[in-house]
Each structure stands twice: as C-alpha cells, then as structure tokens.
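Notes follow the structure.
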Amino acid sequence: MFALDGKVALVTGATSGIGTAICRALRERGARVVLSGRRVERGEELASQLGADSCFVPADVSVEDDVRRLVQAAVQWGGTLDILVNNAGVLTRRVPITEESEKDYYRITDVNLKGVVLACKHALPVMAARRRGVICNVSSISAIRGVANTPLYCATKGAVSALTRSLAVRHGPEGIRVNAVLPGFVPTELNATVWQRWTEREWRERAAAYPLRRLGKPEDVAAAVVFLCSDEAGWITGAELIVDGGVSAL
C-alpha cells in the first residue's frame with residue numbers, strides 16, 4: 001500500500017524537520033530521492049544515511065539558476081522526475097505587520113512562494129513530456145486560519161494553496177496531480193524560537209488544546225505526503241489535506 005517503488009522524487013528543504021521526515025518516508029516506500037537544501041554537510045550526511053538510492057544537490061530555491069540546475073541534476077541522476085515535494089520554507093520575526101520590514105517581506109516571499117513557483121516552473125515541463133507526475137506543496141493551516149503576528153507567513157502559505165489549485169486545473173489534462181498538505185504546529189528547527197521557551201506545563205497545556213491531545217510530529221506530515229504522492233490518491237488533485245490533530249475543526 002502506498003508503494004512508490006522506483007519513483008524519482010525531489011524534496012526541497014530536506015535537511016531538517018518535516019523535510020527530512022518526508023525523505024525518509026519516501027525512501028521507505030521505495031522511491032529514489034533527491035534531497036535539496038542549503039546546508040551541504042547535513043544534506044550529504046542524510047543522503048548517506050538513506051543509501052545508494054538517494055543523493056543530495058545543494059540549491060537555494062529563491063534563485064532561479066539554482067532551481068533550474070537542481071531539476072536538471074535530479075533528472076540526470078534519476079532518469080526522470082515523478083514527484084516534486086516543495087517543502088522549503090522560512091519564518092520571519094513574530095511581529096504585527098506594522099513592524100515588518102521590507103527585508104522580512106522579501107526573505108519570506110522569496111523562499112515560501114517564489115521558491116515553490118520556480119520549482120514548479122522547471123519541474124512541470126519534465127512531467128508534462130511524460131504525461132504524468134505529482135507535485136505536493138507543503139503549506140500550513142496558517143493559510144486558512146488567522147494567526148496573530150505572523151502576517152507574512154500566513155500570506156505566503158495562502159498563496160501556495162491558491163497556486164496549488166491553479167496548477168491542478170491547468171496541468172490535470174497532462175496527467176499531473178498537484179496537491180498541498182496543511183500542517184498544524186509541528187515543533188521543528190524552523191520554529192524552535194517558539195517552543196524552546198515553553199515550560200513542561202506549557203507543553204502539556206498546548207497538547208491538551210488539540211482534539212487528539214498531542215502536538216504534531218514531522219512523521220505525521222510525511223505520511224500525508226506519501227499518500228498524496230501514491231497511486232492510491234490517483235483521483236485527488238487540487239486538494240488541501242489538513243494535518244493538524246483536529247485543531248482547525250475547533
């Protein structure tokens with residue numbers, strides 16, 4: 001079930017947190033995985049752990065030349081490209097929009113939105129030529145819920161969800177499925193400045209606020225990505241799969 005044997009997958013933002021969990025999950029299901037990120041040492045170490053059917057290609061998704069080279073390298077290594085997982089993302093300072101800077105704006109939009117656009121731009125022609133492929137974008141429940149003091153992050157994730165729907169409609173006739181996963185709060189390196197300050201009591205209180213009574217794990221999100229990339233999700237496109245322990249249902 002959810003077998004991905006022989007599929008070639010490219011994962012951005014692969015060197016930590018949810019991205020690393022996605023790479024592991026894809027490999028466990030038989031996919032051949034191209035990992036990408038900016039931290040070369042960590043990327044090469046992870047690729048070594050995952051074995052011969054994986055490789056690391058450094059790239060900054062906000063730079064088009066990097067993304068073009070990344071997709072070309074993935075195709076050269078794997079012979080094709082079946083799956084693209086756009087996971088790379090950043091957070092800015094947790095402040096109201098009146099305190100956001102232009103630098104903050106460009107930093108977060110360059111990675112969270114422009115990076116997804118560029119990866120899709122260069123991967124879609126490869127998939128269209130073969131009349132099949134899957135793209136899974138990692139968005140956030142911040143795309144559908146108002147979250148105070150992260151206005152730019154919310155805006156970029158909302159844009160990724162809208163982009164997902166647009167690409168699904170345009171490229172469905174080419175045999176390409178495009179979906180998004182919307183994780184709730186998952187403690188990772190990305191948001192460590194938030195949860196590292198919590199006391200043990202705060203951890204318990206925050207977990208208790210979720211209907212499933214726990215916070216998310218990277219593996220929870222990875223499992224959803226594997227499903228959407230598998231043939232079992234063959235009639236699902238333009239969808240947003242919420243993976244948040246039920247908190248958005250409250």
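The values are calculated or read from the model by the stated rules, or taken from the named source; none is laboratory data. Source: prediction; values computed, not measured. Positions of Cβ are generated from backbone atoms using ideal geometry, with glycine treated the same way; all protein chains shown enter the neighbour counts. Heads up: the accessible areas ignore ligands, DNA and RNA and are worked out on the full protein's heavy atoms, side chains in. Shrake-Rupley method; radii C 1.70, N 1.55, O 1.52, S 1.80 Å.
Ranking S166, S16, S48 from most to least accessible surface, computed with a 1.4 Å probe over the protein chains only, gives S48, S166, S16. In summary, the aspartates and glutamates within cross-link reach of K114, defined as a Cα separation below 20 angstrom excluding same-chain residues under 8 places away, comprise D60, E64, D65, D66, E100, E102, D104, E240. The residues packed around A47, meaning those with a beta-carbon under 14 Å from its beta-carbon, carry a net charge of +1 if Lys and Arg are +1 and Asp and Glu are -1.
Given the options A209, A223, A159, state which has the largest fluctuation in a GNM of the chain using a 10 Å cut-off (strictly under) for Cα springs. Maximum among the listed residues: A209. For the chain, the mean residue ellipticity at 222 nm estimated from helices alone is -13500 deg cm²/dmol, where every DSSP H run of n ≥ 4 contributes -39500 (n - 2.57) and the total is divided by all residues, rounded to the nearest 500. A 1.4 Å probe run over the protein chains yields, for segment 124-235, 49 Å² of accessible area per residue, whole-number rounding.
Residue order by solvent-accessible surface for L50, L26 is L50, L26, largest first, with ligands and nucleic acids left out and a 1.4 Å probe.
Nonpolar atom fraction for the chain, defined as the carbon and sulfur part of the 1.4 Å probe accessible area, stands at 53 percent. In the complete set of protein chains, residue-level accessible area for L250 is approximately 140 Å², probe 1.4 angstrom. Based on Cα contacts under 8 Å between residues 6+ apart, the chain shows a relative contact order of 21 percent. Amide H contacts of R32: G6, K7, V8, A9, each under 5 Å away and 5 or more positions distant or on a separate chain (H built 1.01 Å from N in the peptide plane; Pro and chain starts excluded).
Computed extension gain for Y106 through R69, at 0.36 nm per residue and net of the alpha carbon distance, reaches 11.1 nm. Could you check which residue among V194, V178, V138 shows the biggest mean-square fluctuation in a GNM of the chain with a 10 Å Cα cutoff? Top of the fluctuation ranking is V194.
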